[in-house]
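Chemist: Pasting in a structure now, in structure tokens, and then I'll have a few things to ask.
The values are calculated or read from the model by the stated rules, or taken from the named source; none is laboratory data. Since the model is a prediction, treat every value here as computed from it, not as a measurement. Note that we place each Cβ from the backbone using ideal geometry, even for glycine, and neighbour counts take in every protein chain shown.
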Amino acid sequence: MTAKLHCLGASREVGRSAFLLQTDSRVLLDYGVKIFDEAGKPTYPADISNVKLDAAMISHAHLDHSGYVPNLYRFSKIPWYGTPPTYDIADILWKDTMKIQQHDLPWTNAHYKKAMKYWHPIMYKHKTSVRETTFEFTDAGHIIGAAMIHASYNNKKILYTGDFKLEHSRLHEGAKIPKEKVDALIIETTYADRDHPDRKTLEKKFVDEIKETLNEGGTVLCPAFAVGRSQELIRIIRAHDKDVPIYLDGMSKAVSSIYLKYKKYLYDYENFNRDLDSITFVDNLQDRKNATRGPNVIISTAGMMEGGPALNYIKYLNRESKVLFTGYCVEGTNGWRLQNKGQLRVDKNILEVELPVEYMDFSAHAGRTDLHKLVKSTNPEKVVCVHGDSAQAENFALELKEMGYDAVAPKFEDKLTLF
């Protein structure tokens, strides 16, 4: 019997990861949204409301992988599986989505409530079956609770990587490469064109930039993703400096509290717990005023500066201050505009920003070398290159073909036979 894959999103694009795996069952592998398209609006996976589904497996809570799950419950009552941290963090992110988009969302609060009801927990290295297809989650090393999804059917093995990282970070051990061969590999290609900088060297540069700015009387603003990056930056700073004042603002506060619930999902829980006790959670206007009086470090959402407290802090930083980005900003977002044009769009007005701005690549994704390492180690018969822009995915697939692999970079809505 065959296994087929319907590519509902994240095909020659980053965002809206969604794949329908058909064996003897029909199971979604992720169901996310693309938060910003070229027009700055969200886009969604291909419509499958007429498909009879059996289950959904969600690799992690980031919205580009989980953000469309509530929409399932407009037309379905299937179980969705995810780790406990994925469930808790998705809850925060979905509520925030409803708050921001309100009536523009295709799903409602009622669908969100159904989604929360139909969650089924799955732990790392535990198996669950949907008909005759068996699924197992293993640590992806990306964010807390993130998983690679292993599927077994008819004595064949499929690995869907989701987002993964092999290198250790301050909060997570790297993903473990499967020791056994897989028949089909569905692999992210976000950074297929390059490797990330050496982490130790990058950490030192980051901390040196902070010390230099603070010594000159400035404040360092770090616009950061609420899930994963904010917590990692706290650990990095505290690993090098126990005393520098750190203020944490935005959704990162609630997410950090969830991190504390899951000791077994963190690499260094004790130090993370201690680090959180040493910083200031911004709870009111006075806290924000104190943060900008500096010299301090402010870690605040949103990572791409599309709203959130980070956007407001800019107005109150003195001339000695600096903005340090540590995550990718989609073209056209405020984060991208600030890095490339020295401007922000605030309430439909353009604000010129004269502060120095720098980007440091603290990515939680695998780089080029580790992507190749995973392919070689699993030695698949079929490789499906996803979650990369058109150039990344196509070029990586071409490289793999030249190495003798049957590799493809599918287009949106393509239907593939895996075996």
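Chemist: Consider L398 against the criteria (1) of a type outside the set (D, E, K, R); (2) over 21 Å from D139 (Cα atoms); (3) touching a Lys or Arg at 6+ places or on another chain (Cβ under 6 Å): it satisfies all of them except one. Which criterion is unmet?
Modeler: It fails just one condition, (3).
Chemist: Mind listing whichever residues of the stretch 237-286 are farther than 25 Å from Y87 by Cα, of a type in the set (S, T, Y) and not in a loop (DSSP other than H, G, I, E, B)?
Modeler: Within the stretch 237-286, Y247, T280 qualify.
Chemist: Residues of the stretch 69-91 being more than 16 Å from the chain's Cα centre (by Cα) and aliphatic (A, V, I, L, M), which ones?
Modeler: So the first thing to find is which residues in the stretch 69-91 are more than 16 Å from the chain's Cα centre (by Cα), and the list is 70-81, 84.
Across the stretch 69-91, the qualifying residues are L72, I78.
Chemist: Please state which of the following conditions C385 fails to meet, knowing it meets all the rest: (1) out of contact with any Asp or Glu (no Cβ under 9 Å at 6 or more places or on another chain); (2) assigned to a strand (DSSP E or B); (3) under 23 Å from I143 (Cα atoms).
Modeler: C385 satisfies all of (1) out of contact with any Asp or Glu (no Cβ under 9 Å at 6 or more places or on another chain); (2) assigned to a strand (DSSP E or B); (3) under 23 Å from I143 (Cα atoms) except (1).
Chemist: Also, I was wondering about something else. Please determine, by comparing only the residues of the stretch 338-373 that are basic (K, R) and at pLDDT 95 or above, which one is nearest to the chain's Cα centre (by Cα).
Modeler: Initial filter on the stretch 338-373 (basic (K, R)): 341, 345, 348, 368, 373.
With at pLDDT 95 or above added as a condition, the list becomes 341, 368, 373.
Values: K341: 26, R368: 18, K373: 21 Å.
Only one residue fits best here, namely R368.
Chemist: Find the strands (runs of 3 or more DSSP E) located wholly in the stretch 319-365 whose residues include 1 or more that are closer than 20 Å to I35 by Cβ and in contact with a Lys or Arg (Cβ under 8 Å, 6 or more places away or on another chain), and list them. Reasoning before the result, please.
Modeler: Values: elements: 322-325, 343-346, 349-352, 357-359.
Strands (runs of 3 or more DSSP E) meeting the threshold: 343-346.
Chemist: Moving on. Of the residues P410, P380, which is surrounded by fewer than 22 Cβ atoms within 10 Å (Cβ to Cβ), in the same structural domain as H168 (by TED's automatic domain parsing) and part of a loop (DSSP other than H, G, I, E, B)?
Modeler: On the way: P380 fails: surrounded by fewer than 22 Cβ atoms within 10 Å (Cβ to Cβ).
Just one listed residue meets the conditions, P410.
Chemist: Which residue out of K264, K315, K289 is surrounded by fewer than 15 Cβ atoms within 10 Å (Cβ to Cβ) and either farther than 20 Å from Y247 by Cα or at pLDDT 95 or above (or both)? Steps first, answer last, please.
Modeler: Details: K315 fails: either farther than 20 Å from Y247 by Cα or at pLDDT 95 or above (or both); K289 fails: either farther than 20 Å from Y247 by Cα or at pLDDT 95 or above (or both).
Among K264, K315, K289, only K264 is surrounded by fewer than 15 Cβ atoms within 10 Å (Cβ to Cβ) and either farther than 20 Å from Y247 by Cα or at pLDDT 95 or above (or both).
Chemist: Starting from residues that are in a loop (DSSP other than H, G, I, E, B) and among the basic types (K, R), keep the ones in the stretch 1-27 and report whichever is surrounded by the fewest Cβ atoms within 10 Å (Cβ to Cβ). Steps first, please.
Modeler: Keep residues of the stretch 1-27 that are in a loop (DSSP other than H, G, I, E, B), which gives 1-3, 8-17, 23-25.
Among the residues that remain, those that are also among the basic types (K, R) are: 12, 16.
Values: R12: 22, R16: 28.
Only one residue fits best here, namely R12.
Chemist: Looking at (1) under 30 Å from G367 (Cβ atoms); (2) touching a helix residue (DSSP H, G or I) at 6+ places or on another chain (Cβ under 8 Å), can you tell me which one H150 breaks?
Modeler: Exception for H150: condition (2).
Chemist: What are the pairs with Cβ atoms under 9 angstrom where one residue, in the stretch 246-268, is farther than 17 Å from D91 by Cβ and the other, located anywhere, is part of a helix (DSSP H, G or I) and of a type in the set (D, E)? Sequence gap at least six, or different chains.
Modeler: So the pair list comes out as I246/D275; Y247/D287; D249/D287; K263/E270.
Chemist: Just to be sure before I move on: is W107 more than 14 Å from Y265 (Cβ to Cβ) and part of a loop (DSSP other than H, G, I, E, B) in the structure I sent? Talk me through it step by step, then tell me what you get.
Modeler: Numbers: more than 14 Å from Y265 (Cβ to Cβ): yes; part of a loop (DSSP other than H, G, I, E, B): yes.
In short, yes.
Chemist: Regarding the stretch 276-285, can at least one residue be identified that is modelled with pLDDT of 95 or more, closer than 21 Å to K204 by Cβ and not aliphatic (A, V, I, L, M)?
Modeler: Taking every residue of the stretch 276-285 in turn, at least one turns out to be modelled with pLDDT of 95 or more, closer than 21 Å to K204 by Cβ and not aliphatic (A, V, I, L, M).
Chemist: Filter the stretch 223-256 down to the residues that are under 18 Å from the mean Cα position of the chain (by Cα) and of a type in the set (S, T, Y) and list them by number.
Modeler: S230, S252, S256
Chemist: Shifting gears a bit: State which residue pairs qualify: first residue assigned by TED's automatic domain parsing to the domain that holds R235 and inside the stretch 278-289, second residue assigned to a loop (DSSP other than H, G, I, E, B) and modelled with pLDDT of 95 or more in any location, beta carbons under 9 Å apart, and separation of 6 or more residues or different chains.
Modeler: Every condition considered, the pairs that remain are S278/K242; S278/D243; I279/P245; T280/P245; T280/N296; V282/G250; R288/V282.
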